[in-house]
Amino acid sequence: MPQLRLYHALLLALTIATGCGAAAGEEQGGKAGKAARQGKGGKGGKGGKGGKGGKGSEEDALPVAVTKPAPATVERFYRTSGTLQALRSADLVATQAGVILELWAEEGDVVADNQMLARLDGRAFNLQASAAQVTAKNAQAELRRLEQIAALDAVSGEELDKQRYAVEQALASVKVSRHQVTQTKVTAPFAGTIIARHVDVGNMATQATPLFSIADLSKLDLELHIPEAEASEVAVNSEVELELLDGSSFQAAVIRRAPIVDALTGTVKFIARAETFPPAAVPGAFSRAKVRVAAREASLTLPIEALFDYEGEPHVYTVVDGKAKRTRTSVGLRGEQRFEITADIASDAVVIADASGGIVEGMPVRPLGAGPQAGPGEASPTGAANALTPGAGGSGGDGSDRSDAPEAKATGAKTGEATGANTGEATGAKPGAGAGAGAGAGAKKRGRPRKSEDK
């Protein structure tokens, strides 16, 4: 019985000692794991140190496209639009009322000058012409009789004069009647194309009803209404580029300018004429027009995208000592693609090609194709993709692999945790701590079933 009690006492003491060791091992193992997660030890710590490279990546210069002043032709255009018009057009009407008997033209027909297009009923005018001719003959016969009597002094001069006037009046009536007969035939006033036929055979033609619409399509005109400020630079014979809705384009030239300025719109009317054009260019077609208002051969020019206004003055960004510098420039002619430099910019200046890319005064920039190659301690020209590559920071290099500190810390922590869990030595803790952690964990695992058995 005393031996059994002694056995139980020893067993209880052993259980208590095992529990205390497990607790100590767990505490030391927890500290080692925490140290591993913070990346303080071993190779994992070096990974955390590599994270400093992220700050360097944020300070890298911005890659920018650059250019230098170069000679070029600077052209400035004014853009407008309008509707194409025929060289000339007319609505044909009958000068004498009558029933339409024949039509000899249809829409789309090309007709010659003075070609007959329609014939009206002119029988009444023919009869009137015949009657007028008979009256004229009678008047002439009576005049001859009176002249014979006048030779005998039997007729007064007054009667003789009245008969002469009657003869002239009769002859004039004959001419009018004959002219009316010719007006029953409708002819083309000029060579052109019939663009519309408004009547049919049997209709009554009047002076208020057009019979045909004809247009001369050999040339096309376009009215341009240009603002007064720009109109002063547009001269006769200036080139005009016209573009239709289908994308086809052709050339025209300014042939006429209005002598006044429209007070309501503040514009000046110009007429541009095209002599050659695609089939789609017809009267009534919508057309865009680009008028060249100025052109100059400039010795120094820059892209228009490089220019910006600062405090009401034109400026560009030049690259000086690796930084963007706002530089005032004197601008001559501004074109659509380039502008003329008259002063303030040297011919060998390095200018940022596009000033609208979020660039500010003093910003570090690197001209594309002109920066150094990536090496230890500097960013790669390929940008952030190379800078974010992990793994090299632990090897002692402090180049592009330092670009992301959180990622490096996470990598080091994971490495430290895995190493500490498996070996307990590479976490940066003392050699005994990792072993204690492992032993404590094992003791704890073995002690629990024994404790339950004692219960």
Inside the range 258-272, can you point out the residues that are outside any loop (DSSP other than H, G, I, E, B) and out of contact with any helix residue (DSSP H, G or I) (no Cβ under 8 Å at 6 or more places or on another chain)? ASP262, LYS269, ILE271, ALA272
What is the residue count in the range 298-331 for residues that are in contact with a Leu (Cβ under 9 Å, 6 or more places away or on another chain) and small (Gly, Ala, Ser)? 2
Restricting attention to the range 194-215, and to residues there that are assigned to a strand (DSSP E or B) and of a type in the set (Val, Ile, Thr), which single residue is surrounded by the most Cβ atoms within 10 Å (Cβ to Cβ)? ILE214
Starting from residues that are part of a helix (DSSP H, G or I) and of a type in the set (S, T, N, Q), keep the ones in the range 151-174 and report whichever is farthest from VAL134 (Cα to Cα). GLN163
Could you please give the count of residues in the range 312-342 that are under 19 Å from GLY357 (Cα atoms), under 29 Å from the mean Cα position of the chain (by Cα) and outside any strand (DSSP E or B)? 1
Considering only the range 320-336, I want to know if a residue exists there that is touching a residue at least 12 places away in the same chain (Cβ under 8 Å), aliphatic (A, V, I, L, M) and over 22 Å from ALA61 (Cα atoms). yes
Yes or no: ALA298 at pLDDT 90 or above and either over 30 Å from LYS219 (Cβ atoms) or within 24 Å of the chain's Cα centre (by Cα) (or both)? no
Among the residues of the range 343-354, are any within 29 Å of the chain's Cα centre (by Cα) and over 14 Å from ALA65 (Cβ atoms)? no
Options SER218, SER232, SER248; residue that is outside the structural domain of GLU107 (by TED's automatic domain parsing), surrounded by 13 or more Cβ atoms within 10 Å (Cβ to Cβ) and not aromatic (Phe, Trp, Tyr): SER248
THR193 closer than 30 Å to ILE100 by Cα, in contact with a strand residue (DSSP E or B) (Cβ under 7 Å, 6 or more places away or on another chain) and not hydrophobic (A, V, I, L, M, F, W, C): yes
Number of the exception - ALA154 against (1) without any contact (Cβ under 8 Å) to a residue 12 or more places away in the chain; (2) within 30 Å of SER89 (Cβ to Cβ): (2)
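The values are calculated or read from the model by the stated rules, or taken from the named source; none is laboratory data. All values derive from a computational prediction rather than experimental measurement. Counting neighbours? That spans all protein chains shown, and the Cβs are built from the backbone with ideal geometry, glycine included.
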